[in-house]
Amino acid sequence: MTLELKLLPLDGEQHMRPVRALEMRMESEAISRTSEIEAETAFVDAEEMRVKDMLEIKRKALAEQVRIQRTRLAHENESRHAALARRKAAAEARLQRLQDDCAAQSDLLSHYRHQVDSTMRSQQAH
């Protein structure tokens, strides 16, 4: 048994029905695909914002860590500078005391030399 299809001539309205159905199906598919693309775009935009927010939070956290580290280092620097200044002042004071002691010993030595010279002259005179 053979199945035959017969094409019947279509009038104007009947001829346009398959075209309209195809147009409607294509339009429906386009709307559906557009909705999918919009949903994907919204997801990507939301993900981008989430990543940007996360990066901004990390950037702020790192900036705060850098600020804290700089503050700590500046404080340590100031402390070291103050300690060095105290050591320098103490060393300068010791140096001044040594110079004063040397000057006093030099004066004492000059005094003893003068006394020895005076004693020697007086003994030679007698």
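Given the DSSP H assignment, sum -39500 (n - 2.57) over each helix run of at least 4 residues in the chain and divide by its residue total; what's the result at 222 nm in deg cm²/dmol, nearest 500?
Calculated at 222 nm, the ellipticity per residue is -35000 deg cm²/dmol.
Determine the gain in length on full extension of the stretch Arg17-Ser110; use 0.36 nm per residue of separation and subtract their C-alpha separation, reporting nm with one decimal.
Taking 0.36 nm per residue and subtracting the Cα distance, the gain is 20.0 nm.
Could you give the spread of the C-alpha atoms of the chain along their three principal axes, from largest to smallest, in whole angstroms?
So the extents along the principal axes, rounded to whole Å, are 172, 28, 25.
Helix 12-125 versus the longest principal axis of the chain: what angle, 0 to 90°, nearest 10, using Cα atoms?
Helix 12-125 sits at roughly 0 degrees to that axis.
Throughout, read-outs are computed from the coordinates displayed, never taken from laboratory work. The shown structure was predicted, so the numbers you read here are calculated from the model rather than taken from an experiment.
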